[in-house]
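The values are calculated or read from the model by the stated rules, or taken from the named source; none is laboratory data. All figures in this text were calculated on a predicted structure; none of them were measured in a lab. Neighbour counts are summed over all protein chains in view; Cβ atoms, including those assigned to glycine, are modelled from backbone coordinates with ideal geometry.
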Amino acid sequence: MESTDSMFELAGRLKSLRDKKQEAEQYLKEINAAIEETDYRLATMMAESETQNFTHAGTMFSLTIKTRASATAERKDELFTALRREGYGDLVYETVNANSLSAFVKEQIAENEDNLPKWLDGLVKVFEKTTVGVRKNTRK
């Protein structure tokens, strides 16, 4: 067994790495927001000046128009039905949130004498992952 000093060193490293990850994720959000705003401003400027493309510092910038669509949230089921009816059912993907599924399966196992119910056998893979929870100590 490793010494307590090694355990404390690893705990400190784990906390430090998680803190760095959180900082990096926040920084990435800020960069993505800056990219979004700058892209919008440049696209607007290019459209207003009727500039289709230009080269600057060895990089070509071109005005492109992308069509994006998303389902109307409250009518998603209707959209899926319509797509299937019209022969485009291959566009529809049903998903289950991984955390929700894990919580549900854990609950089902607890209610079934610590066994996976037969109706789920082979439909889900169940495994345990041991990890370390990290949070600030509220006691002083």
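Tell me, yes or no, whether the stretch 117-129 has at least one residue that is of a type in the set (A, V, I, L, M), surrounded by 10 or more Cβ atoms within 10 Å (Cβ to Cβ) and either assigned to a helix (DSSP H, G or I) or modelled with pLDDT under 90 (or both). There is at least one residue in the stretch 117-129 that is of a type in the set (A, V, I, L, M), surrounded by 10 or more Cβ atoms within 10 Å (Cβ to Cβ) and either assigned to a helix (DSSP H, G or I) or modelled with pLDDT under 90 (or both).
Could you say which residue among E36, E74, E30, E9 is modelled with pLDDT of 95 or more, among the acidic types (D, E) and out of contact with any helix residue (DSSP H, G or I) (no Cβ under 9 Å at 6 or more places or on another chain)? Criteria check complete, one pass: E30.
For A57, the requirement of being of a type outside the set (K, R) and assigned by TED's automatic domain parsing to the domain that holds F127 is not met.
Any idea how many residues of the stretch 84-129 are without any contact (Cβ under 8 Å) to a residue 12 or more places away in the chain and hydrophobic (A, V, I, L, M, F, W, C)?
Looking only at that region, the number is 10.
Screening the stretch 1-116 for helices (runs of 4 or more DSSP H) wholly inside it with 3 or more residues that are exposed (fewer than 10 other Cβ atoms within 10 Å of the Cβ) returns the ranges 4-48, 98-111.
Does S70 qualify as being closer than 30 Å to L83 by Cβ and either out of contact with any Gly (no Cβ under 8 Å at 6 or more places or on another chain) or not aromatic (F, W, Y) (or both)? Walk me through it before giving the result.
On the way: closer than 30 Å to L83 by Cβ: yes; either out of contact with any Gly (no Cβ under 8 Å at 6 or more places or on another chain) or not aromatic (F, W, Y) (or both): yes.
When the stated conditions are applied, S70 passes them.
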